[in-house]
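For reference, the structure is listed below as structure tokens.
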Amino acid sequence: RTAWAKAIEIGRAFQLERRFDKDATLSIYLTLAPFGGAVEGVRAASLKLFGREPKLLTPAEAALLVALPQSPNARRPDRAPAAARAARARVLERAVAAGVVSADEAAAANAAVLPEAYGDFPFLAPHFAEEAASAAEADGSVRTTIDAALQALVERRMRTALKDHAAPTTAAAIVVDAETAEIRAIVGGPDYFDRRRAGMLDMTRALRSPGSALKPFIYALAFDRLLAAPATLIADRPFRETGYAPTNFDGGYAGDVTVADALVRSLNIPAVKMLRRVGPARFDAAFATAGLDLSYDRDGGDAGLALALGGVGLDLRDLARAYLALAGRGAMPDRLVGRAGDRADWRPFVGQEAAADVRWILAEAPPPAGHARGTGQGPAIAYKTGTSYGYRDALAVGMARG
């Protein structure tokens, strides 16, 4: 606003001209230009005002961003819509004169509604974003396998579900492509900034007891080794071995049931008996051969029959890896894929027929609340729940195949 200030600006302009070409200068401007409030840079403004990247803007939106930096606070669309609309119209008029847009496109842009507020920056998958950023390319870019729309949906569903549960209860979720082992959505916690729920901890990496969520693998290995079939009868009666006497969740006994029914009803005693047939050491070794180590005190010997009811530690990512063997060809990926272009190596766990049998059995379980049983119009949901030791954790793992 003074001659001295203008002289400084002229000097800076000459410095920029000597050091940078026009494209570089424009890049600096687009990075630092003010767009109202504390918003600087065209990308930040695009995300705050329209919720998307600049390359996806409409002519109306782009024209508003061109107009804002000349007088960012006086033309803020949320505070001075008339001034913002007039400034946008002048930009569109010049764009028509320059042949950038047609007169019809400019007329449609002039009629477009202005944004009424500056929104929040996208904040999806913060735990996974931290993890991905730590392995970024030299230019700082990371291409992930995350589906943004699905990620936002899962985060909303989780926040809604936790409204009925007081802190410090927390939750985590992961959605994986069964064909490629690519992570499509991953939520380490419902609210990254909620200290009451330890929000900054990534609960997909927390070592927890999987409870009954391991039962399908006992039966899958039994089917694969021809020790049982879905229609095989097994007795659900009081059982004790070397001081271990498991009971069913409801405290009752069902008598003679088929293996399929035992798994659908998640009966404990048949699962323990079937594990005894398979062998706890062989069960553990099958996971290890497929590249997944169950966590327990190995110095004290094998985990024994307690494996059947989740007497080991497993995090949610590894549990998802394990279920991919049941969801597909019986093979387990060596890891979940989070970076676009990466590939998982698959290792055999059980035969394809054994995996299909277990998947069919789990699809026969009563559907979860809010879901209809699969029909010809959609895939069946094959799922299993699990409750950890001490009832501290509740898990659900589902598979949907079209």
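The values are calculated or read from the model by the stated rules, or taken from the named source; none is laboratory data. Just so it is clear, the model here is predicted, and its values are computed rather than measured. Backbone-built Cβ (ideal geometry, glycine too); neighbour counts: all protein chains shown. Please note that ligands, DNA and RNA were not included when accessible areas were found on the heavy atoms of the full protein model with its side chains. Shrake-Rupley method; radii C 1.70, N 1.55, O 1.52, S 1.80 Å.
Miscellaneous remarks
- Most to least accessible of Tyr118, Tyr219, Tyr253 (protein chains only, probe 1.4 Å): Tyr253, Tyr118, Tyr219
- For the chain: accessible area per residue (Å², 1.4 Å): 55
- Cα long-axis angle, helix 148-161 against the chain (0 to 90 degrees, to the nearest 10): 60
- Listed by chain and number, the aspartates and glutamates placed with their C-alpha closer than 18 angstrom to that of Lys55 are Asp23, Glu40, Glu105; residues fewer than eight positions away on the same chain are left out.
- Probe 1.4 Å - accessible area at Arg298, Å² to nearest ten: 120
- Between the listed residues Met399, Val358, Gly51, the Cα displaced farthest toward the positive end of the dipole of the chain, a dipole computed from Cβ unit charges relative to the Cα centre, is found at Gly51.
- Between Arg184 and Val175, Val176, Asp177, the built amide H atoms are under 5 Å apart, and every one of these is 5 or more places off in sequence or on another chain.
- Helical content of the chain, expressed as a calculated mean residue ellipticity at 222 nm, amounts to -11500 deg cm²/dmol (DSSP H runs of 4 or more residues, -39,500 (n - 2.57) each, divided by residue number, nearest 500).
- For His165, His127, the ranking by accessible surface with the largest value first comes to His165, His127, using a 1.4 Å probe.
- Relative contact order (%) - criterion: Cα under 8 Å, at least six apart; region: region 6-66: 17
- Acute angle (nearest 10 degrees) that the helix 316-327 long axis makes with the longest principal axis of the chain, alpha-carbon atoms: 70
- The loop-placed chymotrypsin sites (Phe, Trp or Tyr not before Pro) in region 285-342, going by DSSP, include none that has at most 13 neighbouring Cβ atoms within 10 Å of its Cβ.
- Qualifying lysines (Cα of each under 29 Å from Cα of Lys163; at least 8 residues distant if same chain): Lys48, Lys384
- Charge dipole magnitude, Cβ of K and R +1, D and E -1 - the chain, Cα centre, debye nearest 20: 860
- Degrees between helix 352-363 axis and first principal axis of the chain (Cα, 0 to 90, nearest 10): 80
- Each Lys and Arg contributes +1 and each Asp and Glu -1, all at the Cβ; summed about the Cα centre of region 252-402, the dipole is approximately 320 debye.
- Shown in residue order for region 216-232 are the 3J(HN,Hα) couplings computed by the Karplus curve 6.51 cos²θ - 1.76 cosθ + 1.60 at θ = phi - 60°: x, 6, 4, 5, 4, 5, 5, 5, 5, 9, 6, 8, 6, 9, x, 8, 4 Hz (x for Gly and Pro).
- Overall, the accessible surface of region 1-142 at a probe of 1.4 angstrom is composed of carbon and sulfur to the extent of 58 percent.
- Averaging the sequence gap over all C-alpha pairs within less than 8 Å and six or more residues apart, then dividing by the number of residues, gives the chain a relative contact order of 12 percent.
- Expressed to the nearest 5 percent, the antiparallel share of DSSP beta bridges inside the chain is 95 percent.
- With the highest mean first, a sort of the peptides 201-213, 232-244, 70-82 on other beta-carbon atoms found within 10 angstrom per residue produces 201-213, 70-82, 232-244.
- Debye equation applied to the C-alpha atoms of region 31-157, log10 I(q)/I(0) at 0.12 Å⁻¹: -0.56
- Rounded, prolate or oblate (a/c below 1.5 giving rounded, otherwise prolate when a/b exceeds b/c) for region 184-297 by Cα gyration tensor: prolate
- Computed from backbone phi with θ = phi - 60° and the Karplus coefficients 6.51, -1.76 and 1.60, the 3J(HN,Hα) list for region 14-20 is 5, 4, 4, 4, 6, 9, 10 Hz; x is used for glycine and proline.
- Counting only heavy atoms of the protein chains and using a 1.4 Å probe, Lys22 has close to 140 Å² of accessible surface.
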